[in-house]
Amino acid sequence: MPSTALLTDLYELTMAQAYLEAGKRGRAVFSLFVRKLPETRNFLVSCGLEPLLEHLQSFRFTKEDLKYLKSLNLFKGWFLDYLEAYEFRADLYAIGEGRIVFHNEPLVQVEGPLPEVQLLETLVINLMHYNTLLASKSARCYIASRGRTLVDFGLRRAHGFDAGLYGARASYITGFAGTSNLLAGKRYSLPVFGTMAHSFVMVFEEEKEAFRSFARSFPDKTVLLIDTYDTLQGAKRALELLKEGVRVVGVRIDSGDVERLSREVRALFDREGFRDVKIVVSGGLEERDIDLWLSTGAPIDIFGVGTKLLTSADAPYLDIAYKLVEYEGKPKFKLSPGKETFPYKRQVIRHYEGGFMSFDLVVPYKEGGLVELLCKEGKLLRPLPSLKEIREVFMEELSKLPPELKSLEKVAEYKVILSENV
């Protein structure tokens, strides 16, 4: 992985140089947490540790990086030498991926010499923010789907290639069957899915000819896009092929009154005995659409969720922060109105009642809670879990989430108690 050391904010480096000049090299703890959940969220899903650790291991300042920094005429030669020798040597504590989390809970805590861990602020926020944001959004889609198949279709409108990759990974962790993104499929060993575009249909003189051609190329994986011209006419042409013995696995509806059209298309196939043909829908949908259609009994089998998933359209950011909580063993905290922080490295002790999460106690760190030590002096202490294992963690967590917190509407806030008592 190429170096990403310059993917940071200028003030991280100016502070580091000033720390060193002031002799501030003591051991510090920075904590990453979400101050307040978005208005449309009852919970979050921790995600992004594996990408973060990958980037931390390659966090180096190359000769070209240092040449650029020198050209800014801001940094002293000895500080550039310090950066040239920099490598990640800190301790890292975190709540595991796939765990359900809430406000004021330390997703990641980094402990080490102050200048070294200050430099990591932007990277830690950026990677954990987006991955957690997307996992939390896709978890809502999974809840709304009532067990139907979900596929990530979001790459083309994701905010960059990395966003497309991380979105595919995050959505798989939280219950999606797979993705249309081939690079994500390769990188993360995810199942990949795809159908056809309207351009394929329009190239042919006749819609049925396009369908037949596609089915000839992919006889066991034929999903036909039927709404290029007239959805019901497209369904009838797909039905004609079925009657001829052509194997059609499913049909996709990408526009129009999805609820009505899915019912009419389903009835059309069922009357002729083709009950196994799946109905796939896509086209700018998200969890509220899924929930609405399924609550009315719409016979939809598969949802392709794209733009609004990978942009987390209804809640496009988290109020996430990476703050100093301890320096040389002393508590550090902010008192700024609306941005108060808590001191000390922390642990989260989760309490249950009747098999469901009841409240969380956030206390000065001790072993035995949600927060685990993952890296010691920059070295990973044990292998990271596979995506399958993380997915299983999420499913277990979801089974313990109070039913009211699974609502797509905002309900009473889950109780998180900050305590100074261990």
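The values are calculated or read from the model by the stated rules, or taken from the named source; none is laboratory data. What you see is a predicted model; the values in this text were computed from it and never measured. Reconstructed Cβ throughout: ideal geometry from the backbone, glycine too, with neighbour counts over all protein chains shown.
Structure data summary
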item: Filtered residues of segment 411-422 (kept if in contact with an Asp or Glu (Cβ under 9 Å, 6 or more places away or on another chain) and in contact (Cβ under 8 Å) with a residue 12 or more places away in the chain); result: V411, Y414, K415, V416, I417
item: Pairs with Cβ under 8 Å, 6+ apart, first in segment 381-410 and under 20 Å from R350 (Cβ atoms) and in the same structural domain as D360 (by TED's automatic domain parsing), second at pLDDT 95 or above and of a type in the set (K, R); result: V393/R99; F394/R99; E397/R99; L398/K406
item: Residue among S189, S171 that alone is of a type in the set (S, T, Y) and surrounded by fewer than 23 Cβ atoms within 10 Å (Cβ to Cβ); result: S189
item: Unique residue being touching a residue at least 24 places away in the same chain (Cβ under 8 Å) and surrounded by fewer than 16 Cβ atoms within 10 Å (Cβ to Cβ) when the list is M196, M202; result: M202
item: Segment 60-111 - residue that is among the hydrophobic types (A, V, I, L, M, F, W, C) and touching a Gly at 6+ places or on another chain (Cβ under 6 Å) and, of those, surrounded by the fewest Cβ atoms within 10 Å (Cβ to Cβ); result: A90
item: Single residue of L292, L285, L261 found to be surrounded by fewer than 20 Cβ atoms within 10 Å (Cβ to Cβ) and either of a type outside the set (F, W, Y) or free of Cβ contacts under 8 Å to residues at least 40 places away in the same chain (or both); result: L292
item: Residue within segment 144-161 that is over 24 Å from L224 (Cα atoms), under 15 Å from the mean Cα position of the chain (by Cα), at pLDDT below 95 and part of a helix (DSSP H, G or I) present; result: yes
item: Filter pass, D291 being part of a helix (DSSP H, G or I), out of contact with any strand residue (DSSP E or B) (no Cβ under 6 Å at 6 or more places or on another chain) and not hydrophobic (A, V, I, L, M, F, W, C); result: yes
item: Residues (in contact (Cβ under 8 Å) with a residue 60 or more places away in the chain and either among the aliphatic types (A, V, I, L, M) or within 17 Å of I320 (Cα to Cα) (or both)) located in segment 346-368; result: R346, V348, M357, V362
item: Test: residue in segment 38-47 that is closer than 30 Å to I143 by Cα, charged (D, E, K, R) and within 33 Å of the chain's Cα centre (by Cα); result: yes
item: Residues of segment 29-57 satisfying the condition of being closer than 19 Å to E116 by Cβ and touching a Pro at 6+ places or on another chain (Cβ under 7 Å); result: S31, L32
item: Condition check for L127: modelled with pLDDT of 95 or more, touching a Gly at 6+ places or on another chain (Cβ under 8 Å) and within 28 Å of Y344 (Cα to Cα); result: yes
item: Residue match in segment 333-351 (condition: assigned to a loop (DSSP other than H, G, I, E, B), within 26 Å of the chain's Cα centre (by Cα) and loosely packed, with under 14 Cβ neighbours inside 10 Å); result: yes
item: Test: residue in segment 389-405 that is part of a strand (DSSP E or B), over 19 Å from the mean Cα position of the chain (by Cα) and of a type in the set (D, E); result: no
item: Some residue of segment 208-217 being in contact (Cβ under 8 Å) with a residue 40 or more places away in the chain and buried (at least 17 other Cβ atoms within 10 Å of the Cβ); result: no
item: Condition broken by A315, with the remaining ones in (1) under 25 Å from L405 (Cα atoms); (2) part of a strand (DSSP E or B); (3) within 26 Å of the chain's Cα centre (by Cα) satisfied; result: (2)
item: Residue ranges of helices (runs of 4 or more DSSP H) in segment 181-284 with at least 2 members out of contact with any helix residue (DSSP H, G or I) (no Cβ under 6 Å at 6 or more places or on another chain), closer than 30 Å to D162 by Cβ and at pLDDT 95 or above; result: 182-188, 198-203
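Yes or no, residue by residue, for (1) loosely packed, with under 12 Cβ neighbours inside 10 Å; (2) closer than 17 Å to R99 by Cβ:
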| position | (1), (2) |
| --- | --- |
| E353 | yes, no |
| D360 | no, yes |
| E389 | no, yes |
| I417 | no, no |
